Amino acid sequence: MTSLAPHTATAPGSPSRWALHDSLIVTRRYLTHFRQQPSRLVGNLLFPIVMVIMFGYVFGSAITLPDGGNYREFLMPGLFVMTMALGMAQTVISVTTDTAKGITDRFRTIPMSGAAVVTGRSLADLAASVLELIALLACGLLVGWRANGTVGQTLAAIGLLLLLRYALAWVGIYLGLALQSPDLASVALAPIYPLTMISNVFVLPAQMPAWLGVIAEWNPLSATVTATRELFGNPGITTSTSWAAENATLLAIAWPFILIAVFLPLAARRYRYLAA
């Protein structure tokens, strides 16, 4: 395990600065593991590329949009969101693996901020997701996707994607601490796939049965998909009169903050409980 520097007399003075200092050290430790085990990072980067090929060219050839437009341009924002959502799986697996190997117990023996372990994990996952998103954006450009909005709109769309990933990282941290065993990780991850499918990632809610379309429109992932499609200037923005569709950007900001507000305290409380 990468060594962690304990507090010294020259460490930052206030508890909040201690927590930040320790969190950055833990973040560096997690990122070092990606450098030492590049196969994990390569695997994470290859997955979205496979998704682009499979859905963009294999399944996408049989799908048409009600209002016309290039299906791959429609698809890419959905795949961006899907990749951010599936990244939660890696968070759960990493946390449960650290617990099973006794690394989490080792952290508790070190004189460091109790918030550093969970915060460092969330920041490391966010940094890794930036690399995944860069790879996916490059792949999208190669298959004909374009960000047709302004530079500011494009950056705003990327910000919404990373905000969703950061929120889901806290969900993954809590589940990882609650399950503790990598063998149980698949139980927690099972709902992710239906959540990504019952959304507007691959088709518009208007193309679904009415009752399923309502569920898809209120899916938290759908809000980010719709908002990023609009910001990127991609096809798929319909004239739907539903409140969720008309306020997608608001929901794309609200849903992640709700998840953070719920699962950040739960993850911190669970870590303190395990340390007791």
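The values are calculated or read from the model by the stated rules, or taken from the named source; none is laboratory data. Bear in mind the structure is a predicted one, so any value in this text is a computation, not a measurement. Backbone-built Cβ (ideal geometry, glycine too); neighbour counts: all protein chains shown. Accessible surface is based on the protein model in full, side chains and every heavy atom, while ligands, DNA and RNA are left aside. Shrake-Rupley method; radii C 1.70, N 1.55, O 1.52, S 1.80 Å.
In table form, for the structure just shown:
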quantity	calculated
Rounded if a/c under 1.5, otherwise prolate or oblate - segment 156-199, Cα gyration tensor axes	oblate
Cβ-Cβ FRET estimate between Met197 and Leu46, R0 fixed at 30 Å, reported to 0.05	0.90
Distance (nanometres) between label positions extended 7 Å along Cα→Cβ at Ala261 and Lys101	3.6
Rounded percent of accessible protein surface that carbon and sulfur make up, segment 153-276, 1.4 Å probe	71
Extended-chain gain in nm, criterion 0.36 nm per residue less alpha-carbon gap, Ser186 and Leu131	17.3 nm
Rounded accessible area of Val214 (nearest 10 Å², 1.4 Å probe)	80
Rounded if a/c under 1.5, otherwise prolate or oblate - segment 170-273, Cα gyration tensor axes	prolate
Karplus 3J(HN,Hα) series, Hz, for segment 72-81 with 6.51 cos²θ - 1.76 cosθ + 1.60 (x for Gly, Pro)	5, 5, 5, 6, 4, x, x, 5, 4, 5
Anisotropy class of segment 187-244 from Cα gyration tensor, a/c 1.5 cut	oblate
Pair Trp243, Asn148: separation of 7 Å Cα→Cβ label points (nm)	3.1
Over segment 165-276, relative contact order from alpha-carbon pairs under 8 Å, at least 6 apart, %	36
